[in-house]
Amino acid sequence: MPKISVIIPLYNAKNYLRACLDSVQNQTFTDFECLCVNDGSKDETPQIVEEYVKKDPRFRLITKVNAGCSMARNTGIDEAKAPYICFLDQDDMYHPQALELLYHLIEKENADVASFKYKSVPDEFVMPKDLEMKDVKTVPYKVITDPYHYFMADQKGHGSQVEIWVRIYKRESVKGLYFPKDIQPTEDTIYSLRVMNRIKKFVLTQEEYLFYRISKTSIMQQGTTNKYILRHTMAGQVLHDDFVASHILSEEDEKVMRKYIARMLYKTCISQPLRRRKTDKKEGFMYSYSLLKPLLDKRVFSPCLLKRRHAICIYFFMKKCFRLAHLFV
């Protein structure tokens, strides 16, 4: 049985796939399986993976009907054999010592999750051949024994990093936790919060051992589209159902979660559209309004928990006074 299962969801990944898979194949830590979940690709993605499968038994190709990134990851979770799991996106790359470092940290501290940082790189990035290699036993790190509160309080209340692909997870510790369907790009936030609320011990290093490619075709680079706004309102509802309506949190923590949801909805559905929307403004603002109104009525969206300036902005926005709202962004 391998020690680590690396799960990579794939959809039309031919442009960057070899660089991604090479970075996994060239890991200094060799006891892993790489689960390549083909989510109904229409290009040469499965053929490229087959090249690796034929040469390296650690690689597996799993083919499924297209259902989105979250469902592909969930398939990988169910197929994983190792006691630890990691996630990697199709256009990103591991530092050669990524798995070695994560495995060392989580094993040494008997933690539920271990994490490093990532380095953003341009679309045309090529892995350097002279990367610095370190003795992972000397890498500094800190141990978090209250992961949920650390996650919520980090970065002055804006939350710790939500990227799920910078971590290694003890499979037993996250058993039964899955990604929500049809909610990209917010699925990482929801999964991270579900994990942090569950686990007891989290190890974190500031070392950058993953290369995050800023692809022009990435959903994160497409701006404030209607789809982007819709998915964030859906995420707000999911987080409310998971953590507020379920009453699994203390009264104080519930308030913190409601504030987290309110800040997310304000930023993505009001502040960003007011600042950046390039399409017909009123039409776009009305779309945000139509999605936020029911959340406001059901108290999923709680503007009163935000800074006064932001609350005023929301007040005018929800009165459809968009020009006035813009003055308080």
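Count of segment 159-182 residues, restricted to those that are in a helix (DSSP H, G or I) and either on the phi > 0 side of the Ramachandran plot or in contact (Cβ under 8 Å) with a residue 60 or more places away in the chain (or both), is 2.
Conditions (1) touching a Phe, Trp or Tyr at 6+ places or on another chain (Cβ under 9 Å); (2) modelled with pLDDT under 95; (3) under 14 Å from M71 (Cα atoms), marked per residue:
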| position | (1), (2), (3) |
| --- | --- |
| M1 | no, yes, no |
| I4 | yes, no, no |
| I7 | yes, no, yes |
| L10 | no, no, yes |
| A13 | no, no, no |
| L21 | yes, no, no |
| D31 | yes, no, no |
| N38 | yes, no, yes |
| T45 | yes, no, no |
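Are any of the residues in segment 44-54 within 23 Å of the chain's Cα centre (by Cα) and not in a helix (DSSP H, G or I)? For segment 44-54, residues within 23 Å of the chain's Cα centre (by Cα) and not in a helix (DSSP H, G or I): absent.
Just the residues that are of a type outside the set (A, V, I, L, M, F, W, C) and surrounded by 12 or more Cβ atoms within 10 Å (Cβ to Cβ), please, taken from segment 308-329. If you could, list the steps in order and put the result at the bottom.
Residues of segment 308-329 that are of a type outside the set (A, V, I, L, M, F, W, C), as a first pass: 308-310, 315, 319-320, 323, 326.
Scanning segment 308-329 gives H310, Y315, K320, H326.
For every residue, the table says whether it meets (1) of a type outside the set (V, I, T); (2) assigned by TED's automatic domain parsing to the domain that holds Y212; (3) at pLDDT 95 or above.
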{"position": "T138", "(1), (2), (3)": "no, yes, yes"}
{"position": "H149", "(1), (2), (3)": "yes, yes, no"}
{"position": "R171", "(1), (2), (3)": "yes, yes, yes"}
{"position": "Y178", "(1), (2), (3)": "yes, yes, yes"}
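Among the residues of segment 247-268, which ones are outside any helix (DSSP H, G or I) and either outside the structural domain of C313 (by TED's automatic domain parsing) or touching a Phe, Trp or Tyr at 6+ places or on another chain (Cβ under 9 Å) (or both)?
Filtering segment 247-268 down to residues outside any helix (DSSP H, G or I) leaves 247-250.
Scanning segment 247-268 gives a single hit, L249.
Can you name the residue in segment 194-209 that is under 16 Å from the mean Cα position of the chain (by Cα) and surrounded by fewer than 22 Cβ atoms within 10 Å (Cβ to Cβ) and, of all such residues, is nearest to L131 (Cα to Cα)? Only one residue fits best here, namely V195. The residues of segment 31-55 that are under 29 Å from K134 (Cα atoms) and in contact (Cβ under 8 Å) with a residue 24 or more places away in the chain, listed by number, are D31, F32, E33, C34, L35, C36, Y52. Could we say that D182 is charged (D, E, K, R) and more than 13 Å from the chain's Cα centre (by Cα) here? Considered against the rule, which asks whether it is charged (D, E, K, R) and more than 13 Å from the chain's Cα centre (by Cα), D182 comes out as yes.
When the residues of segment 208-246 are filtered to those that are farther than 23 Å from V166 by Cα and outside any helix (DSSP H, G or I), the one that is modelled with the lowest pLDDT is G223. Screening V256 with (1) under 23 Å from the mean Cα position of the chain (by Cα); (2) at pLDDT 95 or above gives one miss only, at (2). Do we have any residue at all in segment 269-278 that's modelled with pLDDT of 95 or more and either out of contact with any Gly (no Cβ under 9 Å at 6 or more places or on another chain) or in the same structural domain as R194 (by TED's automatic domain parsing) (or both)? For segment 269-278, residues modelled with pLDDT of 95 or more and either out of contact with any Gly (no Cβ under 9 Å at 6 or more places or on another chain) or in the same structural domain as R194 (by TED's automatic domain parsing) (or both): present. Of the set (1) under 20 Å from P2 (Cα atoms); (2) in contact (Cβ under 8 Å) with a residue 24 or more places away in the chain; (3) outside any strand (DSSP E or B); (4) of a type outside the set (V, I, T), all apply to E107 but (2). Just wondering, is there one or more residues in segment 75-88 that are surrounded by fewer than 18 Cβ atoms within 10 Å (Cβ to Cβ), among the β-branched types (V, I, T) and modelled with pLDDT of 95 or more? The answer is no; no qualifying residue exists.
Do we have F285 as more than 20 Å from Q184 (Cβ to Cβ), surrounded by 16 or more Cβ atoms within 10 Å (Cβ to Cβ) and modelled with pLDDT under 95 here?
Working: more than 20 Å from Q184 (Cβ to Cβ): yes; surrounded by 16 or more Cβ atoms within 10 Å (Cβ to Cβ): yes; modelled with pLDDT under 95: yes.
Spelling it out, F285 is indeed more than 20 Å from Q184 (Cβ to Cβ), surrounded by 16 or more Cβ atoms within 10 Å (Cβ to Cβ) and modelled with pLDDT under 95.
Filtering S5, S23, S41 for residues that are hydroxyl-bearing (S, T, Y) and surrounded by 21 or more Cβ atoms within 10 Å (Cβ to Cβ) leaves a single hit, S5.
The values are calculated or read from the model by the stated rules, or taken from the named source; none is laboratory data. Fair warning: this is a prediction, and the values are worked out from it, not measured in the lab. Because the Cβ atoms are built from the backbone with ideal geometry, glycine has one as well, and the counts that use them run over all protein chains shown.
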